[in-house]
């Protein structure tokens, strides 16, 4: 599976609100570590969910 395929599948999965909530909760837990990489991953998770939920890209 290529990176593009993974991203497309992820966005498809995140259209389901319960999947999106679980994904954001996991990203938030990671973010609580407080390091820069964890914070960037949380912001990426927000972007992915926004894209999946037809928000800004």
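Each reported figure results from applying straightforward, stated rules to the coordinates on display, with no laboratory input. Just so it is clear, the model here is predicted, and its values are computed rather than measured. Virtual Cβ from ideal backbone geometry, glycine too; neighbours counted across all protein chains shown.
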Residues (loosely packed, with under 11 Cβ neighbours inside 10 Å and within 17 Å of residue 15 (Cα to Cα)) located in segment 26-43: none
Within segment 1-17, count every residue that is surrounded by 11 or more Cβ atoms within 10 Å (Cβ to Cβ) and in contact with a helix residue (DSSP H, G or I) (Cβ under 9 Å, 6 or more places away or on another chain). 8
